[in-house]
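Q: Take this structure, written in structure tokens, and hold onto it; I'll ask about it next.
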Amino acid sequence: MPRHRHASAGVLLTVLLCFDTIVSAAVPADAPLLHAMFQDHAVLQRDQPIRVWGRAQPGEAVRIALGGNIARTRADGEGRWEVRLPSLKAGGPHTLTASSGLRTQTINDVLVGDVWLCSGQSNMELQVWRSLDANTEIASAAAPTIRLLTVPQAGSVVALETFQGSAQWGTVNPGTLRNFSAACFYFARELQKTVAVPMGLVNAAWGGSRIEAWTSADA
């Protein structure tokens, strides 16, 4: 197996919403206020306080609005800010808006439901196009309340604030479903028959990766 398919002990795959402290760079004046995880078609976890975070100019006031709730805060000395909004019931679509004195950022088609992390090796990584009845499943792909996000396969020796590469929330269609995790998608589709809420699926699988790469440095 090629060397790049293995992650050395202590290397942390950039998978979860793992955004611990790193050295900060200056925040461009026109940079997005919201972290890149907050995109059109995203799903937020229902029935618990909703954490929203991002970057702004140091000391800049930020206003966040979602589902009729508003929170205000001020960026710290490195430009980081974070708020917690009241919990919301499953549903949507909602609009998430972040604004400051300099700019406004709006995220559309945001659903509230259950967010699932689908992580593992090759059994979880196996794509829909390689599964049983793949052609039929892909051609008929349509699940408006299931949303997909695939984490780029990249490694780092420190925890990062952002993914290394593009990670986009998307709706289910033949183009997005083809290369998505089969186990993750079929699991959510079956679960939705009994738990009728939106599902946000985060595919963070990497075949051949070692367990040490998925654990903290302390572990």
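Q: Please list, ordered by first then second residue, the pairs with beta carbon atoms under 8 Å, 6 or more apart or interchain, first in segment 46-57 and without any contact (Cβ under 8 Å) to a residue 60 or more places away in the chain and under 13 Å from S87 (Cβ atoms), second surrounded by fewer than 19 Cβ atoms within 10 Å (Cβ to Cβ) and among the β-branched types (V, I, T).
A: Every condition considered, no pair remains.
Q: Hey, another quick one. Which residues, taken from segment 130-140, are out of contact with any Phe, Trp or Tyr (no Cβ under 9 Å at 6 or more places or on another chain) and either on the phi > 0 side of the Ramachandran plot or surrounded by 15 or more Cβ atoms within 10 Å (Cβ to Cβ) (or both)?
A: Scanning segment 130-140 gives D133, A134.
Q: Considering segment 198-219 alone, what residues qualify as being assigned to a loop (DSSP other than H, G, I, E, B), of a type outside the set (S, T, N, Q), surrounded by fewer than 20 Cβ atoms within 10 Å (Cβ to Cβ) and touching a strand residue (DSSP E or B) at 6+ places or on another chain (Cβ under 8 Å)?
A: A217
Q: Further question on the same structure: Residue under question is L148, and the condition is that it be under 30 Å from G79 (Cα atoms), part of a strand (DSSP E or B) and of a type in the set (A, V, I, L, M); does it hold?
A: yes
Q: Could you grab me the full set of residues in segment 161-197 that are surrounded by 14 or more Cβ atoms within 10 Å (Cβ to Cβ), part of a loop (DSSP other than H, G, I, E, B) and aliphatic (A, V, I, L, M)?
A: A167, V197
Q: Let me ask another. Looking at segment 35-52 only, could you name the residues that are part of a strand (DSSP E or B) and surrounded by fewer than 20 Cβ atoms within 10 Å (Cβ to Cβ)?
A: Scanning segment 35-52 gives Q45, R51.
Q: Here are V172, V157: which of them is within 13 Å of A143 (Cβ to Cβ), of a type outside the set (S, T, N, Q) and touching a residue at least 12 places away in the same chain (Cβ under 8 Å)?
A: Just one listed residue meets the conditions, V172.
Q: Select from segment 60-91 the residues that are polar (S, T, N, Q) and touching a residue at least 24 places away in the same chain (Cβ under 8 Å) and list them in ascending order.
A: Passing the criteria: only S87.
Q: Further question: Go through L117, L102 for me and flag whichever is in contact (Cβ under 8 Å) with a residue 60 or more places away in the chain, at negative phi and in contact with an Asp or Glu (Cβ under 9 Å, 6 or more places away or on another chain).
A: After applying the criteria, what remains is L102.
Q: On to the next question. Taking the criterion of being among the small types (G, A, S), under 30 Å from L88 (Cα atoms) and free of Cβ contacts under 8 Å to residues at least 40 places away in the same chain, would at least one residue in segment 138-147 satisfy it?
A: Yes: segment 138-147 contains one or more residues that are among the small types (G, A, S), under 30 Å from L88 (Cα atoms) and free of Cβ contacts under 8 Å to residues at least 40 places away in the same chain.
Each reported figure results from applying straightforward, stated rules to the coordinates on display, with no laboratory input. Everything numeric in this text was worked out from a predicted model, so none of it was measured. Positions of Cβ are generated from backbone atoms using ideal geometry, with glycine treated the same way; all protein chains shown enter the neighbour counts.
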